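Below is one structure, written out as structure tokens, with a few remarks after it.
The values are calculated or read from the model by the stated rules, or taken from the named source; none is laboratory data. None of the values given here were measured: they were computed from a predicted structure. So basically every Cβ, Gly included, is an ideal-geometry build from the backbone, and we count neighbours across all protein chains shown.
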């Protein structure tokens with residue numbers, strides 16, 4: 001599988017329509033006029049993904065105060081995302097992308113290195129999208145641990 005094209009600052013954020021953990025339909029266009037952090041993660045309830053989600057939850061007041069809405073996106077089914085939310089006491093929207101079409105549009109699905117081998121899968125990625133739907137930051141292959149604090153520093157959000 002060839003590498004999926006990646007987004008860069010200044011690109012239009014691809015719109016999407018996904019289902020959240022409660023079964024509701026969520027579109028990126030629903031957030032027009034607001035700042036969004038969309039992050040893609042491999043699988044709910046795995047150690048790294050749980051660490052990252054819990055870090056976002058712990059910092060949510062600070063991100064919200066700075067005007068950001070956080071959307072976590074994985075290929076997990078809404079039922080699993082609901083369990084993930086409940087078990088982790090998560091306080092932001094979790095979206096299901098079972099076809100991986102949104103991940104692919106964002107360049108967050110494709111070849112990656114895992115334990116020294118090339119595999120195809122979800123590339124842990126984070127996108128900061130401005131009020132007009134334009135990518136401000138596109139970060140690929142981010143580390144789960146410490147990423148939220150690093151992102152907050154980059155956005156000048158005091159934690």
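A few points about this structure:
- Per-region count, the stretch 1-23, residues at pLDDT 95 or above, more than 17 Å from residue 97 (Cα to Cα) and part of a loop (DSSP other than H, G, I, E, B): 5
- When residue 26 is tested against the conditions (1) assigned to a strand (DSSP E or B); (2) under 21 Å from residue 140 (Cα atoms); (3) out of contact with any helix residue (DSSP H, G or I) (no Cβ under 8 Å at 6 or more places or on another chain), the lone failure is (2).
- The numbered conditions (1) within 22 Å of residue 149 (Cα to Cα); (2) in contact with a strand residue (DSSP E or B) (Cβ under 9 Å, 6 or more places away or on another chain); (3) surrounded by 15 or more Cβ atoms within 10 Å (Cβ to Cβ) are all true for residue 9 except (3).
Residues checked against (1) without any contact (Cβ under 8 Å) to a residue 40 or more places away in the chain; (2) under 15 Å from residue 42 (Cα atoms); (3) more than 11 Å from the chain's Cα centre (by Cα); (4) not in a strand (DSSP E or B):
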{"site": "118", "(1), (2), (3), (4)": "yes, no, yes, no"}
{"site": "121", "(1), (2), (3), (4)": "no, yes, yes, no"}
{"site": "128", "(1), (2), (3), (4)": "no, no, no, no"}
{"site": "131", "(1), (2), (3), (4)": "no, no, yes, yes"}
{"site": "135", "(1), (2), (3), (4)": "no, no, yes, no"}
{"site": "144", "(1), (2), (3), (4)": "no, yes, yes, yes"}
{"site": "152", "(1), (2), (3), (4)": "no, no, yes, yes"}
{"site": "159", "(1), (2), (3), (4)": "no, no, yes, yes"}
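- Against the numbered list (1) surrounded by 14 or more Cβ atoms within 10 Å (Cβ to Cβ); (2) within 21 Å of residue 18 (Cα to Cα); (3) touching a strand residue (DSSP E or B) at 6+ places or on another chain (Cβ under 9 Å); (4) modelled with pLDDT of 95 or more, residue 110 comes up short only at (4).
- Total residues in the stretch 68-89, condition within 14 Å of the chain's Cα centre (by Cα), in a loop (DSSP other than H, G, I, E, B) and either surrounded by fewer than 22 Cβ atoms within 10 Å (Cβ to Cβ) or on the phi > 0 side of the Ramachandran plot (or both): 1
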